[in-house]
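The values are calculated or read from the model by the stated rules, or taken from the named source; none is laboratory data. Keep in mind it's a predicted model, so treat the numbers as computed, not measured. Virtual Cβ from ideal backbone geometry, glycine too; neighbours counted across all protein chains shown.
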Amino acid sequence: MAKQMFLNLPVRDLEKSVAFFSALGFSFNPDFTDENATCMIVNDDAFVMLLVEAYFKTFTARPVADARSATEAIMSFSLASREAVDELVRTALTAGGTPSQEAQDYGFMYTHSFQDPDGHLWEVFWMDPAGPPKDAAL
């Protein structure tokens, strides 16, 4: 089983992306940062590599999706409370992100989302540690 996860995302303006995600409270590993890329730390075992689009293209022969017009993935992460979810989405919108979906309240789970400056979709959620009720539909 995998020990660490790295998600690679193309970005148009690395400096703008770093400023955006820094405003959301993320930090970056300077050992994996240069003019082409940076390593955003999600936690001890999960990282997002933000790669300048031209550099990202060197890793694939396929065309790079424009996340502002097509969905390539939805990145999700959890927070400790509903309030933390709403606060992070407010911070994302203030820092240059755009709204995505309205908040969804499933009782045991609460989600909200935004798009980063490159149009990548991010979903933030809180889930009751007890989990869903036995009869809950997702």
Looking at (1) modelled with pLDDT of 95 or more; (2) in contact with a helix residue (DSSP H, G or I) (Cβ under 9 Å, 6 or more places away or on another chain), which is the one condition that is false for LYS16?
(2)
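This table checks each residue for (1) under 22 Å from PHE125 (Cα atoms); (2) in contact with a strand residue (DSSP E or B) (Cβ under 7 Å, 6 or more places away or on another chain); (3) of a type in the set (Ser, Thr, Tyr).
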| residue | (1), (2), (3) |
| --- | --- |
| GLY25 | yes, no, no |
| ILE41 | yes, yes, no |
| LYS57 | no, no, no |
| SER69 | no, no, yes |
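So in the stretch 73-112, with the set limited to residues that are touching a His at 6+ places or on another chain (Cβ under 7 Å) and surrounded by 15 or more Cβ atoms within 10 Å (Cβ to Cβ), which one is farthest from LEU9 (Cα to Cα)? Write out each step before concluding.
Step one: of the stretch 73-112, the residues touching a His at 6+ places or on another chain (Cβ under 7 Å) are 75, 85-86, 89, 103.
Now narrow it down to the ones that are surrounded by 15 or more Cβ atoms within 10 Å (Cβ to Cβ): 75, 85-86, 89.
Numbers: MET75: 10, VAL85: 22, ASP86: 24, VAL89: 20 Å.
Selected residue: ASP86.
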Being aliphatic (A, V, I, L, M), within 21 Å of SER27 (Cβ to Cβ) and either out of contact with any helix residue (DSSP H, G or I) (no Cβ under 7 Å at 6 or more places or on another chain) or free of Cβ contacts under 8 Å to residues at least 40 places away in the same chain (or both) narrows ALA67, ALA54, ALA37, ALA61 down to just ALA37
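Would you say GLN115 is more than 23 Å from GLU15 (Cβ to Cβ), polar (S, T, N, Q) and in contact with a strand residue (DSSP E or B) (Cβ under 8 Å, 6 or more places away or on another chain)? Walk me through how you get there before you give the answer.
Working: more than 23 Å from GLU15 (Cβ to Cβ): no; polar (S, T, N, Q): yes; in contact with a strand residue (DSSP E or B) (Cβ under 8 Å, 6 or more places away or on another chain): yes.
Spelling it out, it is not the case that GLN115 is more than 23 Å from GLU15 (Cβ to Cβ), polar (S, T, N, Q) and in contact with a strand residue (DSSP E or B) (Cβ under 8 Å, 6 or more places away or on another chain).
Each row is one residue, and each column tells you yes or no for (1) surrounded by 15 or more Cβ atoms within 10 Å (Cβ to Cβ); (2) polar (S, T, N, Q); (3) over 17 Å from the mean Cα position of the chain (by Cα); (4) within 16 Å of ASP116 (Cβ to Cβ).
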{"site": "GLU15", "(1), (2), (3), (4)": "no, no, no, yes"}
{"site": "THR33", "(1), (2), (3), (4)": "yes, yes, yes, no"}
{"site": "LEU51", "(1), (2), (3), (4)": "yes, no, no, yes"}
{"site": "THR60", "(1), (2), (3), (4)": "no, yes, yes, no"}
{"site": "ALA65", "(1), (2), (3), (4)": "no, no, no, yes"}
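Name every residue in the stretch 77-93 that is among the polar types (S, T, N, Q) and farther than 15 Å from PHE26 by Cβ, in order of residue number. Give the steps one after another, and end with the answer.
So the first thing to find is which residues in the stretch 77-93 are among the polar types (S, T, N, Q), and the list is 78, 81, 91.
Selection gives SER81 alone.
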May I ask you to list the residues in the stretch 69-88 that are touching a Ser or Thr at 6+ places or on another chain (Cβ under 9 Å) and at pLDDT below 95?
ILE74, SER76
